[in-house]
Amino acid sequence: MYLLFRGTSGEGRVKVVCLQENLAHGLGIAGRGVSTRGSLPILGNVLLRTDAGRLRLTATNLEVGINCWVPAKVEDEGAITVPAKLFIDFVNSLPPGNVELSLNVRTKTLHLKSGPYEANIKGMDAEEFPIIPQIPDKPTTRMSQATLRRMIGEVAFVAATDDSRPVLTGVLTTFSGDLVTMAAADPYRLSVRHARLLDRVDPAIEVIIPAKSLFEVARILEDTDEATVDILVTPNKSQIIFHTDEADLVSRIIEGQFPNYRQVIPTSHSTRVLAQREELLKATRLASYFARDAANMLRFQVDPSNEPPLVITANAAEVGDNTGRIDATVEGQATTIAFNSRFVSDALSSLTAPEVALELGGPLAPGVVKIVGDDSYLHVVMPLRIPA
């Protein structure tokens with residue numbers, strides 16, 4: 001790709017050379033930050049700016065801002081913003097190889113040429129685009145990209161989608177010493193995960209990060225422990241920045257007081273069920289097809305004297321019923337409890353561990369899902385009342 005920024009006199013030419021494949025990949029990342037609400041026209045644009053020998057692509061909806069750097073050969077500096085959807089669609093449809101781009105500064109028009117294909121896209125002045133902060137030399141802390149990605153997958157999905165209580169649409173994130181803790185909750189469930197940091201944080205920092213922002217963070221992370229992500233909480237705790245070699249994501253922080261989630265975590269149990277996660281998930285999903293017509297209710301019948309000791313059932317009077325018998329190890333008392341099928345399925349599918357434990361304290365007590373051999377995770381699910 002050749003990016004040529006020309007002044008009105010033809011001077012001040014900026015030449016950037018990169019590949020169409022790299023540009024399309026970068027737009028796929030940065031484009032996630034483009035606003036779709038149309039409150040400010042320029043928020044529907046993507047900013048192209050030459051930056052220290054690379055091409056930087058930037059988009060924001062004022063809640064999340066994303067910078068993505070594309071490998072390039074740069075001779076000089078320049079910038080323009082163009083409508084994101086049109087630009088992304090066009091670039092994605094071009095064949096692999098070289099693309100030539102040139103900018104008429106006076107008319108703010110970006111000209112694109114690739115083989116037999118040409119286009120002119122009307123843009124807007126880069127100076128009108130909101131400033132997206134970048135991480136300074138020293139971040140607040142660092143951690144493994146794979147670990148953060150896994151944490152987000154295991155926790156953020158629990159956050160509420162109803163804006164009536166904004167704090168519950170976020171994930172409470174606490175950096176303390178060499179540990180980070182993420183917790184998310186809605187009125188029916190809670191997920192908590194701890195992980196190690198590479199740099200200590202003293203004193204502790206606690207912020208509420210929008211779950212939507214964390215989903216986008218997960219998209220820019222690699223699933224490898226060797227790669228690290230820099231994390232910076234701004235001094236006024238209004239924003240948090242996640243930085244990798246390829247991209248930055250800046251998110252606002254939600255103001256407010258997160259509920260004391262520790263109060264809902266049971267401190268004891270009378271029954272503990274150990275089962276293979278995949279088998280438990282399969283039985284839950286099969287039963288959920290029948291539970292859809294029965295308030296999504298699944299019954300877990302646990303009896304250590306039976307073989308197998310765990311039976312999952314769903315019964316819809318006008319549809320039919322389903323029974324799944326699961327090989328498991330049961331410690332403690334026999335009990336029967338009901339849960340929302342989706343909540344159980346969500347929790348199990350978010351994990352990758354081979355074996356899980358389900359801790360129960362009776363028909364009306366919250367159930368707790370844990371990973372066998374790993375005390376850094378727990379998931380609390382409120383039970384459903386079984387009709388008499």
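Points worth noting:
- Looking across region 211-242, the residues that are of a type in the set (D, E, K, R) and farther than 17 Å from residue 174 by Cα come down to 212, 216, 219, 222, 223, 225, 226.
- Unique residue being part of a helix (DSSP H, G or I), among the acidic types (Asp, Glu) and over 25 Å from residue 56 (Cβ atoms) when the list is 154, 216: 154
- Residue 175 falls short of the stated requirement of being at pLDDT 95 or above, farther than 16 Å from residue 231 by Cβ and either among the hydrophobic types (A, V, I, L, M, F, W, C) or over 17 Å from the mean Cα position of the chain (by Cα) (or both).
- Flag for residue 135 being among the hydrophobic types (A, V, I, L, M, F, W, C), assigned to a helix (DSSP H, G or I) and either outside the structural domain of residue 342 (by TED's automatic domain parsing) or surrounded by 15 or more Cβ atoms within 10 Å (Cβ to Cβ) (or both): no
- Selection of region 108-149 for residues being touching a Leu at 6+ places or on another chain (Cβ under 9 Å) and among the basic types (Lys, Arg) yields 113, 122, 138, 142, 149.
- First in region 290-315 and in the same structural domain as residue 330 (by TED's automatic domain parsing) and among the charged types (D, E, K, R), second anywhere and at pLDDT 95 or above and crowded, with 18+ Cβ neighbours inside 10 Å, Cβ under 6 Å, 6 or more apart: 299/313; 299/338; 303/309
- Looking at 357, 314, 353, just one residue is small (Gly, Ala, Ser), within 27 Å of residue 151 (Cβ to Cβ) and not in a loop (DSSP other than H, G, I, E, B), and that residue is 357.
- Some residue of region 116-128 being in the same structural domain as residue 248 (by TED's automatic domain parsing) and over 28 Å from residue 58 (Cβ atoms): no
- Condition check for residue 85: modelled with pLDDT of 85 or more, surrounded by fewer than 18 Cβ atoms within 10 Å (Cβ to Cβ) and among the basic types (Lys, Arg): yes
For every residue, the table says whether it meets (1) of a type in the set (D, E, K, R); (2) modelled with pLDDT of 95 or more; (3) within 26 Å of the chain's Cα centre (by Cα).
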position: 77; (1), (2), (3): yes, no, no
position: 81; (1), (2), (3): no, yes, no
position: 89; (1), (2), (3): yes, yes, yes
position: 104; (1), (2), (3): no, no, no
position: 115; (1), (2), (3): no, no, no
position: 125; (1), (2), (3): yes, no, no
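- Checked against the criterion of being surrounded by fewer than 14 Cβ atoms within 10 Å (Cβ to Cβ), under 30 Å from residue 213 (Cα atoms) and out of contact with any helix residue (DSSP H, G or I) (no Cβ under 6 Å at 6 or more places or on another chain), region 91-105 has at least one qualifying residue.
- Yes/no for residue 88 being closer than 17 Å to residue 45 by Cβ and free of Cβ contacts under 8 Å to residues at least 40 places away in the same chain: no
- Qualifying residues in region 336-359 (those that are in contact with a Lys or Arg (Cβ under 7 Å, 6 or more places away or on another chain) and among the acidic types (Asp, Glu)) - the one nearest to residue 187 (Cα to Cα): 359
- Residue 167 being touching a Pro at 6+ places or on another chain (Cβ under 8 Å) and more than 26 Å from residue 29 (Cα to Cα): yes
- Out of 316, 357, one residue alone is at pLDDT 95 or above and among the small types (Gly, Ala, Ser). It is 357.
- Members of region 83-134 that are touching an Asp or Glu at 6+ places or on another chain (Cβ under 9 Å) and under 30 Å from residue 232 (Cα atoms): 132, 133, 134
- In region 26-60, the residues that are assigned to a helix (DSSP H, G or I) and buried (at least 17 other Cβ atoms within 10 Å of the Cβ): 26, 27, 29, 30, 31, 32, 33, 42, 43, 44
The values are calculated or read from the model by the stated rules, or taken from the named source; none is laboratory data. Just so it is clear, the model here is predicted, and its values are computed rather than measured. Here the Cβ is made from the backbone with ideal geometry for all residues, glycine too, and neighbour counts use every protein chain on show.
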